[in-house]
Amino acid sequence: MPKDGQGTASAYAIVDFDGQRRRTKTKLRDLNPQWDEKFEFLVHDPESMTGETLELNVYNDKRTGKRNTFLGKVKISGSSFAKAGSEALIYYPLEKRSVFSQIKGEVALKVWYVDDPPATTASSEGGSGSEAAEAKPEKAPAEGEKKAEGSEKAAAAGEEEKKEKGEKKTEEAKTEEKKSAPTEEEKKNKSPEEPKAEESPASDAAAAEKSKPKEEEEKQKAPNLAVASPAKETQPAGFSGDLEIRPSVAAADRTTTGGGGSYDLVDRVPYLFVRLLKAKRSGADAEKRPAHAKIVIGSHSVRTRPAKGGDWHQVFAFHKVGLNSTALEVSVYEETPPPPPPSSSSEGDKPAAAADTRLGSVSFDLQEIPKRVAPDSPLAPQWYTLDGPGPGPDEAAAAGCDVMLAVWIGTQADEAFQEAWQSDSGGLVVHTRSKAYLSPKLWYLRLTVIQTQDLRLPPLPDSKARPAGSVGPELHIKAQLGGQVFKTNRVALGASTNPSWNEDLLFVAAEPFDPYLTISVEDASSSSSSVVVVGQARVPLSTVHRRLDDRAEPPSRWLNLAGGDEARPYAGRVHVRVCLEGGYHVLDEAAHVASDVRAASKQLSKPPVGLLEVGVRGAANLVPMKLAKDGSSGSTDAYVVLKYGPKWARTRTILDQFNPRWNEQYAWDVFDPCTVLTIGVFDNVRFKQAEPGGTKDARIGKVRIRLSTLDTNRVYANTYPLTAVHPSGVKKMGEIELAIRFSCPSWLNLLQAYTTPLLPRMHYVRPLGPAQQDVLRHTAMRAVSARLARSEPPLGPEVVQYLLDTDAHVWSMRRSKANWFRVVGSLAGLANVARWAHGVRTWAHPPTTVLVHALLVAVILCPHMILPTLSLYLFLVVIWRYRARPREPAGMDPKLSHADGGVGPDELDEEFDGFPSSRAADVVRMRYDRLRALAGRAQTLLGDVAAQGERVAALMSWRDPRATGIFAALCLLASLVFYVVPFKLLVLVMGFYHLRHPRFRDDMPTASFNFFRRLPSLSDRIL
């Protein structure tokens, strides 16, 4: 944007990061400045680098202009920094500083970080800060990047900063070296295994070095470990390697302002925790014999796994509500090996199994067990002496036996709960555990087939001879990535052996990528159905270029084609262009329920605008999903799956409960408020099956909540009905109780999100066709479901497809009716306005008609008040309707879905029928006839709409010369009338004529309506 008053600007940029500032040189009188300067910033705390922000401000030099100096700014989150070697040139649009700023343009930046050891290591080993700076190796920039020196002032300022920091670090290092002996507290904190000291002074010095706090060593090691985590491109921003959510800005702000902590949206459920570590037994060979422990609380009885030496390290969690006793007993048993079979025994005799030796037990009163709340440190286990079994054969073996354990009462927020044996979810069954999953990171892989050269076609065998009359070989390119196969159009090979296509083929690639993209040239002109492979080439995906925008085409390459036999080791070459599109968002769910709209490349991601927290409290009145063979009883083993963005959360399975209570809480970073959270409830069937994947988990219901309908920083605790559509009909399956909170630290960022495009830039500059998007979306769905099905425990494909709405675009009579009534409902407002206008025109309510006459006169006399009055009226209507706003977020609506009634069983059976259909021929014929009747009505409606447009075109097409002549004469007469009569008077007369009393009105249609209906259309020319 020109800022100097002469159509130009003298721009310079100031970059701020982590308290450090750099300045570029000034480009005089240039609207497209190119600096080509490289700045280095020291990351003081690598662990918090993802929470830092790099800010670049562009100014116009004050010395050359008198107007406003601000030209724009760019803010880049630290979570989007790329590792050295994977950086790319990105064009960022310049942002406004305020609403009234006039900003235009883009700035191209390349940002990356390097895993270099910090300068503190060099300075602490000896030497000043300048020596450390000289010892630090300089990383060469990426290939092709121009390296230019900055201005002299900026360079001098940078050197002074480095020297000052180096001197400070040197002083700190010297003060640390002066510490020659440990403090008294450090001596006390020594482990008891270290020898106590009567040693030489040299040994004292060595002990002093050992007793230094471990924090210094961790500070030296932390940078290398912390900086390496953002380098993983496969992990989205906000997640660490173990699926644990990093604390976001929204969560930190909410905590500091007094908001609730973890598990504040659900009830704290008391559990009795028993941590069994190990047992100590007497005897020389005691460590060789396996032992196990048994926990008994009333009717609850559970045992640990047998382990040699008695080392179990297991935690057991008992739901306190289900306990029916006030005493806890822990017993230790030693397994006795079975005696060897006697040699003289007969073939049918079997030796009796030896009974386990009971070493003793220890008892606890539940009223005296301590309680522990989540922020407290874990309870330290203690040694307990076992009470002997009493006089008997086991008394000698049980003498001097101890067990190490810890018992406390906690909640589900306890860190030991997730990996503990749980009494309400089947113990340690893998398929009943709560887990978090991550969808694979998806990219679009674009293959542009340009041409081939020097093709050497193989001879066709007799069985594949070309049909008579064919002009020659017809070639196409087939590309395959995993299970995805796409082909180009066929091109006839004429006199030239260099056919060209210039076609794009798009694939969905999931990280970690498949090793190769296979490209083959095939001859499809043979008479048989099979094709002949001319040549084949493979492209390693690790060498594919990654593109972030469309400003530069990826580099093309020539690939040598290998023949299929030894006679043709070289079959020609193919010219292609391959790239991974990082500027697109790969849709893996239906667009109207999308939960993530970020680009595939991490470098284009923006910081989150808020934090979404969901508490799954419980469900009520669930129907039996597993019925007994006689139908007398049933059970339901329910669990909940939540999906938002790339993260999936699965609660634990509560066994055999129609009113389960999960009380689990999850959180997601929100990058766009106009997204949807999807929650599904399922009945767990897999945990009872011997063969995983043999059965499918049954659907109970689904709930969707749009985040834009939620007020910020407010907790919504509601119950949502669960309704499922089955082939037998629509059933109410129960209710689910949820608590939802959407926290937002900045209103400005949230409101700014409403003005930005919903999808990344590449979707608008190089859009994909609707049919192509549908194919790619189904491919992405299959990739996500296949990846999550290989997790442990697996998230079944039926669960993933149900939450992603894979059948959203499949034909359904019920959905068609629902969409038709949605269209009618959206036009109901216009219909009401038309009925009101007709009532005013026909004097149905005379006072209203008189007021409309007065309003018409006021509008004619003061036309400049039309737009302000209309805007004020709309404002008042919106404010008035604020009182009737929805108070709670709405879930699924059976009435809107047209599922509450009027849906026949045949229509539901058709909806659940696969593709292609598997029903009988007469059923398919009946459905086809019904579809033809419906399509006939839609066809007639389309024809009527087209006829109205053709009548308008016929006014000037002279197809009906008399009608066009009348229209021309009326246009001439109207021009004379509009010229002579004032416009205000003309509008007033026309308004009064339109609102005339019914006694002055004829019952027949008007002349203008009759004239329009008589205009010809093209309907009579349709065959």
query = So what are the ³J(HN,Hα) numbers for segment 8-21, from phi and the Karplus equation (6.51, -1.76, 1.60; θ = phi - 60°), rounded to whole Hz, Gly and Pro as x?
reply = 9, 7, 10, 9, 9, 10, 10, 10, 10, 7, 6, x, 10, 10
request  = Find the centroid of the Cα atoms in segment 289-309 and in segment 992-1023, then give the distance between the two in whole Å.
outcome  = 91 Å
ask   = Counting only residues 5 or more places away or on other chains, whose amide H sits under 5 Å from the amide H of Leu722 once H atoms are built in the peptide plane?
value = Met733, Gly734, Glu735, Ile736
key: Rounded to whole Å, sorted largest first: equivalent-ellipsoid semi-axes of segment 918-968, Cα gyration tensor   = 44, 7, 6
Residue-normalised accessible area of segment 639-767, given per residue in Å² at a 1.4 Å probe = 41 Å²
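Quick one: of Lys62/Lys602; Lys280/Lys371; Lys110/Lys441; Lys647/Lys696, which pairs are farther than 25 Å apart, Cα to Cα? Present the calculation step by step, with values, prior to reporting the outcome.
Working: Lys62/Lys602 37 Å; Lys280/Lys371 27 Å; Lys110/Lys441 23 Å; Lys647/Lys696 22 Å.
In this structure, Lys62/Lys602; Lys280/Lys371 lie more than 25 Å apart at Cα.
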ask   = Which is farthest toward the positive dipole end of segment 602-804 among Pro745, Val623, Ile679, measuring Cα position about the Cα centre, with Cβ charges +1 (Lys, Arg) and -1 (Asp, Glu)?
value = Pro745
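Given the Cα-Cα distance of Val924 and Glu47 and 0.36 nm per residue of separation, how much length would full extension add, in nm?
Result: 309.5 nm gained on full extension.
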query = Can you list the trypsin sites (Lys or Arg not before Pro) in segment 645-738 that are in a DSSP coil and have 15 or fewer other beta carbons within 10 angstrom?
reply = Lys696, Arg714
remark   = segment 1-65 and segment 746-776 have their Cα centres apart by a whole-number Å value of 28 Å
message = Residue by residue through segment 763-778, what is 3J(HN,Hα) from phi via Karplus (6.51 cos²θ - 1.76 cosθ + 1.60, θ = phi - 60°)? Round to whole Hz and write x for glycine and proline.
response = 5, 9, 7, 9, x, 9, x, x, 5, 5, 5, 5, 5, 5, 5, 5
task = Amide H neighbours of Tyr384 under 5 Å, at least 5 residues apart or on other chains, H built in the peptide plane: list them.
result = Val403, Met404, Leu405
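With every protein chain left in place, what is the accessible area per residue of segment 9-113 in square angstrom, probe 1.4 Å? Before the final figure, lay out the partial values.
Working: 5760 Å² over 105 residues.
About 55 Å² of surface per residue is accessible.
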query = Rounded to the nearest whole Å², what accessible area per residue is found for segment 770-850 with the 1.4 Å probe?
reply = 55 Å²
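When the expected Rg is taken as 2.2 N^0.38 Å, what fraction or multiple of it is the alpha-carbon Rg of segment 9-113? Please list the in-between numbers first.
Values: Rg = 14.4 Å, N = 105, 2.2 N^0.38 = 12.9 Å.
Its radius of gyration relative to the 2.2 N^0.38 Å reference: 1.11.
Of all accessible surface on segment 594-633 at a 1.4 Å probe, what whole percent is carbon and sulfur?
Numbers: 890 of 1640 Å².
So the carbon and sulfur contribution to the accessible surface is 55 percent.
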inquiry  = What is the distance in Å between the Cα centroid of segment 87-101 and that of segment 614-682?
reply    = 43 Å
key: Loop-resident sites, segment 820-903, for trypsin sites (Lys or Arg not before Pro), counting at most 15 other Cβ within 10 Å (DSSP)   = Arg887, Lys895
ask   = Residues with amide H under 5 Å of Gly645's amide H, sequence separation 5 or more or different chain, H placed in the peptide plane at 1.01 Å from N; which?
value = Ser595, Asp596
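Using per-residue counts of other Cβ atoms within 10 Å, averaged over each peptide, order 739-752, 1009-1022 from highest down. Provide the component values of the computation, followed by the final result.
Values: 739-752: 17.6, 1009-1022: 12.4.
Per-residue mean Cβ counts within 10 Å order the peptides as 739-752, 1009-1022.
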ask   = Taking 0.36 nm per residue of separation and subtracting the Cα-Cα distance, what length does fully extending Ala327 through Glu888 add?
value = 197.4 nm
inquiry  = Just to verify a number: FRET efficiency for Val987 and Leu942, C-beta to C-beta distance, R0 = 45 Å, to 0.05?
reply    = 0.80
note = Taking every alpha carbon pair in segment 602-804 and sorting the distances into 5 angstrom bins from 0 up to the bin holding the longest one, the percent per bin comes out as 1, 6, 13, 16, 17, 16, 12, 9, 5, 3, 1, 1, 0
ask   = At Lys294 and Gln772, where each label point lies 7 Å from the Cα along Cα→Cβ, what is the point-to-point distance in nanometres?
value = 6.9 nm
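The values are calculated or read from the model by the stated rules, or taken from the named source; none is laboratory data. Only a predicted model underlies this, so the values are computations on that prediction, with no experimental measurement involved. Every residue, glycine as well, gets a Cβ built from its backbone with ideal geometry; the counts of neighbours run over all protein chains shown. Ligands, DNA and RNA are excluded from the accessible area calculation, which covers all protein heavy atoms including side chains. Shrake-Rupley method; radii C 1.70, N 1.55, O 1.52, S 1.80 Å.
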